[in-house]
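In what follows, a single structure is set out as structure tokens and then discussed.
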Amino acid sequence: MSSAAWLGWAVLGPRGHSPALRATIAATGLAGSVLLVLHPQPAVYWFTFWACMDAATVFPRREGVALAGGCCGVLVTGYALGRGDALATFAAVTFVAYLVGRNRRLHVDRAEQARLLAEQTRQAGEERARAAVLAERGRIARELHDVLGHSLSALALRLEAADAVLELTGDREEARRHVGRARALARSGQEEAIAAVRTLREGEVELQEMINGLVAAFRQDTGASVRCDVTGTARPLPAESALAVYRAVQEALTNAGKHAPGADVEVRVDYTSDELAVEVTNGPGRVPAATAPGGGYGLTAMRERVRLAGGTVTSGSTEAGWRVRARIGL
């Protein structure tokens, strides 16, 4: 009955490294070995067998080897004292029992390590997927903000101007011109939104065509003299880089029209083997709001967008007026 009870506890009982459990296993193994020397019967041997098996599973390796060696030493001593030839066999089986338990311990440890590795891999994959989703959401949000912010604000100003003209002067022709420009802005905003969606879907973008469109639209809207010079060989860019530079040029032109109306504007685009540099310079005017204390968000958002794409933006006053320069690797 006692052997059966120990067998059941060893197989089904708790696994751990508590001092009480280790002391119980060690005491059972050594006491079982002494008892086996006094009564060399197979039924008595189960105490030593399962104690050594559990020691290999529960103990650190050095302690497990010490217990198994101690049990074998007791049995070999009993054999040497003539307590029975079977004790030598029991000693050999005890050593084998420890090796079997140790192998089981290694198997359990490897299975646990594999489980932990799989769990860590799964969590890392989920984190990467979550980060990618958040990054894509942020990217789409920035595109929507830029498209709607520029187009709708300009559209609202044109409609307000038309309403003011009708209310104050009744000049229908002037009001119609404002409404016509508002209609053109609506179409331009729609085309820009379509272009943004297409850019988000495609891997590369013809940036120079987009910049040329910005320059032409700015020239038409403001009547200002705008020159666009390109050096190097223009080539398609990754969507994120192209959109960052495009928005930087758009913001710079918007600020030029707002803070230096009528001033000459120069856009320089320089393609090198490993970098794209874009510079927008306009004549003298007021300092852009984003650079003044408590100012707006335009230049800050521009710098953040270009930085996320791996580039830099600098801006400041020059002898000729104001300059914004964006650089990004190719």
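Filter the stretch 155-171 down to the residues that are free of Cβ contacts under 8 Å to residues at least 24 places away in the same chain, in a helix (DSSP H, G or I) and touching a helix residue (DSSP H, G or I) at 6+ places or on another chain (Cβ under 6 Å) and list them by number.
Correct list: 159, 161, 162, 165, 166.
With 245, 230 as the choices, which residue is surrounded by fewer than 22 Cβ atoms within 10 Å (Cβ to Cβ) and out of contact with any His (no Cβ under 7 Å at 6 or more places or on another chain)?
230
Got a number for residues in the stretch 74-88 being part of a helix (DSSP H, G or I) and either open to solvent by 30 Å² or more (accessible area, probe 1.4 Å) or touching a Gly at 6+ places or on another chain (Cβ under 6 Å) (or both)?
8
Could you tell me whether any residue of the stretch 258-274 is within 19 Å of residue 153 (Cα to Cα), out of contact with any Cys (no Cβ under 8 Å at 6 or more places or on another chain) and open to solvent by less than 60 Å² (accessible area, probe 1.4 Å)?
yes
Rundown of residues vs (1) under 34 Å from the mean Cα position of the chain (by Cα); (2) at pLDDT 90 or above; (3) hydroxyl-bearing (Ser, Thr, Tyr), yes/no style:
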position: 193; (1), (2), (3): yes, no, no
position: 196; (1), (2), (3): yes, no, no
position: 201; (1), (2), (3): yes, no, no
position: 210; (1), (2), (3): yes, no, no
position: 214; (1), (2), (3): yes, no, no
position: 222; (1), (2), (3): no, no, yes
position: 241; (1), (2), (3): yes, no, yes
position: 253; (1), (2), (3): yes, no, no
position: 258; (1), (2), (3): no, no, no
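Looking only at the stretch 21-47, which residues are surrounded by 15 or more Cβ atoms within 10 Å (Cβ to Cβ), over 60 Å from the mean Cα position of the chain (by Cα) and either in a loop (DSSP other than H, G, I, E, B) or of a type in the set (Lys, Arg) (or both)?
Residue satisfying the conditions is 40 alone.
Tell me which residues, restricted to the stretch 23-77, are without any contact (Cβ under 8 Å) to a residue 12 or more places away in the chain and among the hydroxyl-bearing types (Ser, Thr, Tyr).
Correct list: 24 only.
State whether the residues of the stretch 117-124 include one that is part of a helix (DSSP H, G or I), open to solvent by 80 Å² or more (accessible area, probe 1.4 Å), among the aliphatic types (A, V, I, L, M) and without any contact (Cβ under 8 Å) to a residue 40 or more places away in the chain.
Yes: one or more hits.
Just to verify a result, which residue in the stretch 260-281, among those that are over 36 Å from the mean Cα position of the chain (by Cα) and over 14 Å from residue 219 (Cβ atoms), is modelled with the highest pLDDT?
281
The values are calculated or read from the model by the stated rules, or taken from the named source; none is laboratory data. The model shown is predicted, which means the values in this text are computed figures rather than measured ones. Because the Cβ atoms are built from the backbone with ideal geometry, glycine has one as well, and the counts that use them run over all protein chains shown. All accessible areas refer to the heavy atoms of the entire protein, side chains included, with ligands and DNA or RNA removed. Shrake-Rupley method; radii C 1.70, N 1.55, O 1.52, S 1.80 Å.
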